[in-house]
Amino acid sequence: MSYLVDSHLHVTMMSYQGLQAMAEGGIKKAITCAIVLGAQHAESYFDHFRQITGFYKKNADGLGIKLYSTIGVHPAGIPHDWPRVIDALPDFLKIEGVVGLGEVGMNQGSQLERDVLKAQFEVARDHKLPIIVHTPFENRLPITELTLNIAAQANIPPHLLIIDHVNLDILDMVNQFGAMPAITIRSRNVTTEALYENMEQFQHGMLNCDFSNLFPNDPTAVIKAYQYLKSRGVSETIIENITCKKAEKIFNI
Ligand SMILES: [Zn+2]
């Protein structure tokens with residue numbers, strides 16, 4: 001093994017020890033996705049984008065992790081002046097290490113969530129950049145269907161679309177669309193055992209820990225999945241693809 005890539009986490013919510021454990025376990029590259037819980041103002045996002053692309057990037061560097069960022073408005077915090085964030089995205093996308101948009105998506109499918117998502121799909125399309133789209137814990141099928149419909153309306157090339165927190169329930173829908181399934185390894189999503197048992201279906205996706213401090217999460221989830229799959233004799237090619245190559249290719253890192 002050379003190294004591992006974690007395709008989705010939230011670095012501002014991580015402890016130093018968590019980041020250290022990732023580095024020690026072989027993670028060399030990671031994507032931190034934007035999130036500002038309950039954001040009321042566009043400025044909250046602007047400062048957050050500066051934090052993840054500046055301070056936290058340098059800090060991760062010190063541990064030997066190349067930290068890349070995706071930027072955008074997260075459904076858990078849509079500021080009242082959200083169009084200002086959309087308008088500023090092209091400038092922030094020019095910052096070194098920003099490799100796409102995310103984390104975007106919907107929880108309820110409200111008109112506001114639809115509008116914010118559509119606007120961000122259009123920015124990703126215009127800049128030919130990948131976009132990481134969250135799927136919720138509830139109402140997964142209708143919300144995913146709606147997400148894919150809005151993506152199609154925005155004419156986003158399917159290969160730039162990353163549908164995250166995929167499980168067997170929506171995997172076929174995501175594959176049929178031609179989007180990239182991202183698989184979050186944790187008790188509330190896909191466990192390492194479930195990943196192994198359904199390797200055939202999951203083999204075209206890419207893994208992440210989606211670390212946040214909102215419920216139980218494990219910053220070393222991708223490392224543990226790697227070790228588990230290896231111990232069960234899963235082919236090196238498949239393991240390398242889901243823990244490294246797919247993410248490197250889609251984010252061009
Ligand atoms: Zn996330």
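The values are calculated or read from the model by the stated rules, or taken from the named source; none is laboratory data. What you see is a predicted model, and the numbers here were worked out from it, not measured in a lab. Please note: Cβ atoms are built from the backbone with ideal geometry, for glycine as well, and neighbour counts cover all protein chains shown. Heads up: the accessible areas ignore ligands, DNA and RNA and are worked out on the full protein's heavy atoms, side chains in. Shrake-Rupley method; radii C 1.70, N 1.55, O 1.52, S 1.80 Å.
Structural remarks
- With the simple model of a label 7 Å out from the Cα in the direction of the Cβ, TYR3 to ASP61 spans 1.4 nm.
- The phi-based Karplus calculation (6.51 cos²θ - 1.76 cosθ + 1.60; θ = phi - 60°) puts the 3J(HN,Hα) values of the range 85-94 at 5, 4, 5, 8, 4, x, 5, 5, 5, 7 Hz, whole numbers, x for Gly and Pro.
- 28 Å Cα-Cα threshold exceeded, pairs from LYS57/LYS128; LYS94/LYS245; LYS118/LYS230; LYS66/LYS118: LYS118/LYS230; LYS66/LYS118
- Qualifying aspartates and glutamates (Cα of each under 15 Å from Cα of LYS29; at least 8 residues distant if same chain): ASP6, ASP61, GLU96, ASP210, GLU240, GLU248
- Using heavy atoms of the protein chains and a probe of 1.4 Å, the accessible area assigned to LEU141 is about 80 Å².
- Amide hydrogen neighbours beyond the local backbone of GLY105, cut-off 5 Å, H modeled: HIS134
- Applying a DSSP loop filter and a limit of 10 other Cβ atoms within 10 Å to the chymotrypsin sites (Phe, Trp or Tyr not before Pro) in the range 1-107 leaves nothing.
- Calculated mean residue ellipticity, 222 nm, the chain: -13000 deg cm²/dmol, from DSSP H runs (n ≥ 4) at -39500 (n - 2.57) each, averaged per residue and rounded to 500.
- Computed from the Cβ-Cβ distance with R0 of 22 Å, the FRET efficiency linking ASP91 to LYS28 stands at 0.15.
- C-alpha center-to-center spacing [the range 112-180, the range 66-80] in angstrom: 15 Å
- Between PHE215 and LYS118, the modelled labels are 3.0 nm apart [label points 7 Å from Cα along Cα→Cβ].
- Longest segment of the chain lacking trypsin sites (Lys or Arg not before Pro) that sit in a DSSP loop with at most 16 other Cβ atoms within 10 Å: 1-93
- Compared with the direct C-alpha span, the chain from GLU236 to GLU138 gains 31.9 nm at full extension, assuming 0.36 nm per residue.
- Per-residue HN-Hα couplings for the range 18-35 [Karplus 6.51, -1.76, 1.60; θ = phi - 60°; Hz; x = Gly/Pro]: x, 5, 4, 5, 5, 4, 5, x, x, 6, 10, 9, 8, 10, 9, 9, 5, 7
- Sites HIS41 and LYS249, calculated FRET efficiency, Cβ-Cβ separation with R0 30 Å, nearest 0.05: 0.25
- Descending principal axes extents, the chain, alpha-carbon based, whole Å: 50, 40, 31
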